[in-house]
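A quick write-up on the structure given underneath.
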Amino acid sequence: MKFVLIFFAVFNVVFLIILIQFWSHFSTKTKKIIAFFCLGLFPVFWGIGVAQQNLKETTAVGFCNNCHIMEPYVESLKFNYENSLDVPLASIHYQNNWVSQKVACYECHTRYTMFGTFQAKLTGLKHLWKNYFTQPPEKLELYKPFSPMECLRCHGTSKKFLTEIKHNKDSDLITALKQEKRTCLEEGCHEVAHILKDKKDF
Amino acid sequence: MKEIPKLFKIAMSLNLIGLFLLCLSLTTNSPLQLALAFSVGVTCLLSAFIFWIAMVLQEASRKGMLD
């Protein structure tokens, strides 16, 4: 897709060069049509294509890993949890392909609402600013508690989730989760999201 | 090249810069470069369109079509 978009850009440049080279040969109407195509119509559709492609690129795990501060978190996806007492959610989801391995960070850390992607990109710009122009914090923390809706999107209707004894011990638990009054990452539940090299962290 | 209106030349230059920057945003791996190239590129493409519209309106006004 990337190369198709670049090819179209070259195509537009060629058209503009032809227009400039043979400016006096073209009628006013032809010039206006070519100019409208090259300066108006094409950039709109092409720009949308580029934006779409860039959005797709920025959801990749490799893209998150570009910032040094995120490296331990991306590394934690490959943490070998088999001999560990804690089973980190990120590793188990990533290693079992429960989320796409290409976009694992994005799948769990984006709200699945109408403007979820847009909000995620705005937050990404904030991270960019903090990473490049200010001192990033030593310990990373989520802005808001992790929303259970991101988990319930997949688990909410699964039989395993609904029939799990621990989930039914408290009769209001599932309702409270759906209303975002409680979270899956509470102490005593699924409290470990990532296991970093030296420490546990959310 | 003499006959080409100045505004069209500006519009074309901005369009070429915009195309180049957006292509750069597609190929870069750096988040900062991507954000900068994309935002400046989009601004250049929009400005190119505005300059072209200005050129069209200027020509129309010269011909008395806007009176």
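Go through the residues of the range A:75-90 one by one and say whether even a single one is under 22 Å from A:Lys144 (Cβ atoms) and under 10 Å from the mean Cα position of the chain (by Cα). No; the residues of the range A:75-90 include none that is under 22 Å from A:Lys144 (Cβ atoms) and under 10 Å from the mean Cα position of the chain (by Cα). On inspection, A:Cys184 qualifies as in contact with a Cys (Cβ under 7 Å, 6 or more places away or on another chain) and modelled with pLDDT of 85 or more.
Of all residues in the range B:17-34, those satisfying the criterion of being modelled with pLDDT of 90 or more and small (Gly, Ala, Ser) are B:Gly18, B:Ser25. Each residue in the range A:147-169 was checked for being in contact with a helix residue (DSSP H, G or I) (Cβ under 8 Å, 6 or more places away or on another chain) and assigned to a loop (DSSP other than H, G, I, E, B), and 1 pass. When A:Ile20, A:Ile6, A:Ile48 are screened for being modelled with pLDDT of 90 or more and either hydroxyl-bearing (Ser, Thr, Tyr) or farther than 25 Å from A:Lys130 by Cα (or both), only A:Ile48 passes.
Tell me, which helices (runs of 4 or more DSSP H) lie completely within the range A:35-140 with 3 or more residues that are free of Cβ contacts under 8 Å to residues at least 40 places away in the same chain and within 14 Å of chain B (Cβ to nearest Cβ)?
Ranges flagged: A:42-57, A:116-133.
Is it the case that some residue within the range A:154-163 is under 25 Å from A:Leu55 (Cβ atoms) and either out of contact with any strand residue (DSSP E or B) (no Cβ under 8 Å at 6 or more places or on another chain) or open to solvent by less than 70 Å² (accessible area, probe 1.4 Å) (or both)?
If we filter the range A:154-163 for residues that are under 25 Å from A:Leu55 (Cβ atoms), which is where we start, we get A:154.
Filter again for either out of contact with any strand residue (DSSP E or B) (no Cβ under 8 Å at 6 or more places or on another chain) or open to solvent by less than 70 Å² (accessible area, probe 1.4 Å) (or both), leaving A:154.
Yes.
Of the residues making up the range B:25-38, those that are in a helix (DSSP H, G or I) and either within 7 Å of chain A (Cβ to nearest Cβ) or open to solvent by 60 Å² or more (accessible area, probe 1.4 Å) (or both) are B:Ser25, B:Leu26, B:Thr27, B:Pro31, B:Leu32, B:Gln33, B:Leu34, B:Ala35, B:Leu36, B:Phe38.
Taking the criterion of being crowded, with 18+ Cβ neighbours inside 10 Å, among the aromatic types (Phe, Trp, Tyr) and more than 7 Å from chain A (Cβ to nearest Cβ), would at least one residue in the range B:44-67 satisfy it?
Kept after step one, since they are crowded, with 18+ Cβ neighbours inside 10 Å, are these residues of the range B:44-67: B:44-45, B:48-49, B:51-52, B:55.
This time we only want the ones that are among the aromatic types (Phe, Trp, Tyr), so: B:49, B:51-52.
Narrowing the set further to residues that are more than 7 Å from chain A (Cβ to nearest Cβ) leaves B:51.
Yes, because at least one residue in the range B:44-67 is crowded, with 18+ Cβ neighbours inside 10 Å, among the aromatic types (Phe, Trp, Tyr) and more than 7 Å from chain A (Cβ to nearest Cβ).
Is at least one residue of the range A:183-196 open to solvent by less than 90 Å² (accessible area, probe 1.4 Å) and not in a loop (DSSP other than H, G, I, E, B)? Within the range A:183-196, one or more residues are open to solvent by less than 90 Å² (accessible area, probe 1.4 Å) and not in a loop (DSSP other than H, G, I, E, B). Here the condition is being open to solvent by less than 30 Å² (accessible area, probe 1.4 Å) and either facing chain A (nearest Cβ under 10 Å) or not charged (D, E, K, R) (or both); of B:Ile10, B:Ile4, B:Ile17, it holds for B:Ile4 alone. Only one of the listed residues (A:Leu125, A:Leu177) is aliphatic (A, V, I, L, M), open to solvent by less than 100 Å² (accessible area, probe 1.4 Å), out of contact with any Asp or Glu (no Cβ under 6 Å at 6 or more places or on another chain) and closer than 30 Å to A:Gln53 by Cβ. That residue is A:Leu125. The residues in the range A:90-118 that are out of contact with any helix residue (DSSP H, G or I) (no Cβ under 9 Å at 6 or more places or on another chain) and open to solvent by less than 50 Å² (accessible area, probe 1.4 Å) can be counted, and the count is 2.
The values are calculated or read from the model by the stated rules, or taken from the named source; none is laboratory data. Note that the structure is predicted; figures quoted are calculated from it, not measured. Glycine also receives a Cβ, built like all others from the backbone with ideal geometry; neighbour counts cover every protein chain displayed. Note: accessible area is taken over every heavy atom of the protein model, side chains too, but ligands, DNA and RNA are not part of it. Shrake-Rupley method; radii C 1.70, N 1.55, O 1.52, S 1.80 Å.
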